[in-house]
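The values are calculated or read from the model by the stated rules, or taken from the named source; none is laboratory data. No experiment lies behind these values; they were computed from the predicted model shown. These accessible areas exclude ligands, DNA and RNA; they are computed on the full protein's heavy atoms, side chains included. Shrake-Rupley method; radii C 1.70, N 1.55, O 1.52, S 1.80 Å.
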Amino acid sequence: MSEVVRLTLVSHAMTDAMSAGRFPTDEPLNALGHRQADAAIELGPVDAAFTGPEKRTRQTAELLGLAAEVDGRLADLDCGRWRGDVLGGVRPADLAVWLTDPARAPHGGESVVDLIERVRGWLDSVTARRGRLVAVTHPAVVRAALLVVLDAPPKSFWRIDIEPVSRTVLHYRGHAWTLRSSGQ
């Protein structure tokens, strides 16, 4: 066993909601998403794999050849009543609140601050493991993990772009997470 936790966060592949600029539902991958995952990165040997509960993360994990354990803490940011709506259909004032105040959730779902705390708890739980771990999850979860690792303020959440099927590699040694690489 290694003395380091090597965690690779993989963002799920493309869905119709992503293509159309809609808030996500529990949708599957689209044809492009299947091609992206089929052509995706080689992850090498993995000691444990995890995935969010949504179809798009489970399908991406399966296409990557991972026998992943579903963990609800890797679920996407809950957009509440905005689920399935197009971004342009949201009242501009509500959208402005959501994009500028990470503690607020005008859609009745989860705030960015709540998501960050959920992801922090998951990261804390995997520090007891050793070896190579992979988690197939959502861009929002990867952003939250980066904020935790970098001890960055929640208001930085929307300044991070996470591409479909991109890898973000984190290491945990003894007492702290470090960012090894992002966006591969």
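Quick rundown of the values:
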| item | result |
| --- | --- |
| Contact order relative to length of the chain, as percent, for alpha carbon pairs under 8 angstrom and 6 or more apart | 32 |
| From phi via Karplus (6.51, -1.76, 1.60), per-residue ³J(HN,Hα) for region 45-51 in Hz, x at Gly/Pro | x, 10, 7, 7, 10, 9, 8 |
| Protein accessible area in the chain, 1.4 Å probe - carbon and sulfur % | 49 |
| Normalised per residue, the volume of the convex hull around the Cα set of region 5-180 (Å³) | 100 |
| With all protein chains modelled, accessible area of LEU32 [1.4 Å, Å²] | 70 |
| Mean Kyte hydropathy of 0.0 or more with a Cα span along the axis of at least 20 Å, helices from DSSP in the chain | 112-126 |
| Interatomic Cα distance distribution for region 1-89, bins of 5 angstrom, percent | 3, 13, 22, 22, 18, 11, 6, 3, 1, 0, 0 |
| Residues of the chain: accessible area per residue with a 1.4 Å probe, Å² | 48 |
| The chain: most fluctuating residue of ALA31, ALA13, ALA61 per GNM, C-alpha cutoff 10 Å | ALA31 |
| Three-way shape call for region 84-172 based on the alpha-carbon gyration tensor, with the a/c threshold at 1.5 | prolate |
